[in-house]
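Report on one structure; see the data block that follows.
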Amino acid sequence: MEIQNKPKLSFGNIWNMNFGFFGIQFSFGLQQSNMSAIYSYLGANPEDLAALWLAGPVTGLVVQPIIGAISDGTWSPKFGRRKPFFLIGAILASIALIAMPFSSTIWMAAGLLWILDAANNIAMEPYRAFISDKLPKQQHSLGFLMQSFFTGLGTTMANFMPAILVSMGILALSDKMGNGIPVFTYWAFGIGAFASIATVLFSVLTTKEYPPTAEELKRIEEEKAKGNLLGRTLTEIVEAIKDMPATMKQLIPVQFLTWFGMFCYWQYITLALSRSLYGTIDHTSDAFSSAQLLTGEINGTYNIICFTVAFLLVPLARYMGAKRVHFICLSIGGLGLILMQFLNDTDVLFYIWNPFGETVAFTQIYLLSIGLGLTWASAMAMPYKLLVGSIPTNKTGVYMGIFNMFIVIPMAIQIFMMQFFLFDLLGADPIKVITLAGVCLIGGGVFSLFIKDAQTAQSNG
């Protein structure tokens with residue numbers, strides 16, 4: 001919505017409006033950390049996992065642009081524009097999270113994942129547009145980096161929650177439900193359901209949306225009078241794609257390479273660590289189990305790095321420009337992945353105090369977490385910072401939805417390429433897949449340097 005001279009908001013107000021992002025990302029973190037295990041407990045074969053993960057790319061591809069377009073044309077004096085979608089998504093996600101551990105079949109779990117992913121996308125997409133709605137241009141970086149902070153914090157808590165429950169003696173590692181799913185999974189998903197609805201509700205109750213201008217309100221009413229909401233929405237999406245701003249077009253290769261690389265990482269890091277550190281990818285071996293545990297620790301650590309450095313990127317982006325910050329962060333993360341095969345888990349760099357158990361040794365391999373933490377913090381903020389100044393304010397929602405298609409399309413392409421020919425082309429070597437992921441991240445960083453647009457150049461330096 002077009003509001004001239006928006007007042008600058010306090011840090012606390014920006015915190016409040018983005019707090020719901022924590023619950024949404026907690027839910028996403030539970031998916032990333034537990035869905036493959038849940039499928040396995042229910043009898044899925046390893047070769048079936050890629051297809052069972054299609055829910056994320058497909059629902060994101062379909063739901064986000066549609067929800068973005070619909071939210072652009074929505075206004076309720078009582079409920080606002082974006083907030084109804086936050087609530088609807090959070091409620092549906094909470095129901096799916098509670099039901100997931102009770103899945104009796106693979107396809108029940110897969111169906112619930114489709115619902116969960118769709119619900120999270122319904123809630124998350126308007127959150128991106130919410131930044132443009134509420135904040136003046138000079139606070140966009142802070143708004144998006146606040147979302148990076150909550151992304152890292154929420155995902156970290158989701159990654160570590162099962163281990164915390166077990167380490168504190170609240171639950172036993174061997175306790176299982178009737179379907180074979182561990183009891184700690186049930187409690188972690190229950191906590192995630194509470195976090196999803198509670199944090200979004202907090203943001204809804206503490207944040208007011210700006211009303212549309214008289215001109216925009218008239219346009220919204222005229223569009224409603226025409227009826228056929230879905231048809232109008234699809235038409236708006238097609239027209240928006242045709243009129244896509246130059247900056248958005250320039251960001252396509254940046255996003256494609258970034259998310260293609262990250263999907264490679266998420267799928268193959270355990271296998272790569274097992275082969276690199278322990279010389280085997282035998283899933284029945286203790287070495288493979290150690291690599292699986294190490295994967296969770298590296299992922300949790302890089303999310304800690306993410307929310308730790310998120311706010312440090314704000315002054316850096318002001319000083320040197322968002323595209324240069326993005327290049328540096330992606331390049332450091334990519335270089336770490338390329339060098340992974342040369343790092344070990346025996347040379348201790350320093351020790352970290354652990355309130356839930358023994359002191360944690362920070363070994364060479366955790367250097368991956370530093371690079372990936374920088375990459376993740378930047379990926380959650382800088383592309384949106386580069387984009388938001390170039391899109392029409394009355395079409396923020398639909399363009400944010402289209403922009404997020406640049407995330408899910410690379411994921412879908414990666415699934416099919418990796419399953420049908422790319423893995424074999426790389427010699428069926430998971431280490432080479434991680435090297436490819438690193439090359440993709442660096443390539444995405446290089447493409448970010450070529451972004452040239454008058455508005456972004458003026459605002460980013």
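Quick note: the coordinates plus some simple rules give every number you see, no bench work behind them. Since the model is a prediction, treat every value here as computed from it, not as a measurement. Because the Cβ atoms are built from the backbone with ideal geometry, glycine has one as well, and the counts that use them run over all protein chains shown.
Compared with the dominant principal axis of the Cα atoms in the chain, helix 83-99 is inclined by about 20°. By the count of other C-beta atoms within 10 Å, a proxy for reagent exposure, 232, 82 are ordered fewest to most as 232, 82.
Based solely on its DSSP helices, what 222 nm [θ] is calculated for the chain when runs of n ≥ 4 H residues each add -39,500 (n - 2.57) and the sum is averaged over all residues, nearest 500 deg cm²/dmol?
Values: 19 runs with 327 residues, N = 461.
Helix contribution divided over all residues of the chain: -24000 deg cm²/dmol.
Tell me the relative contact order for the chain as a rounded percent, counting alpha carbon contacts under 8 Å between residues six or more apart.
Working: 765 pairs, mean separation 125.9, N = 461.
For the chain, the relative contact order is 27 percent.
Can you sort 53, 114, 107 so the residue with the fewest Cβ neighbours within 10 Å comes first?
Details: 53 23, 114 15, 107 11.
Neighbour counts put them in this order, fewest first: 107, 114, 53.
Over 32 Å apart at the Cα level, from the set 78/323; 208/385; 78/242, are 78/323; 78/242. Near residue 362, the amide H atoms lying under 5 Å from its own belong to 349, 350, 351, 352; only residues 5 or more places off or on other chains count, and H is placed 1.01 Å from N.
Neighbour counts of other Cβ atoms within 10 Å put 331, 196, 36, 132 in the fewest-to-most order 36, 331, 132, 196.
Between helix 183-206 and the chain there is an angle of about 20 degrees, using the helix long axis and the longest principal axis of the Cα atoms.
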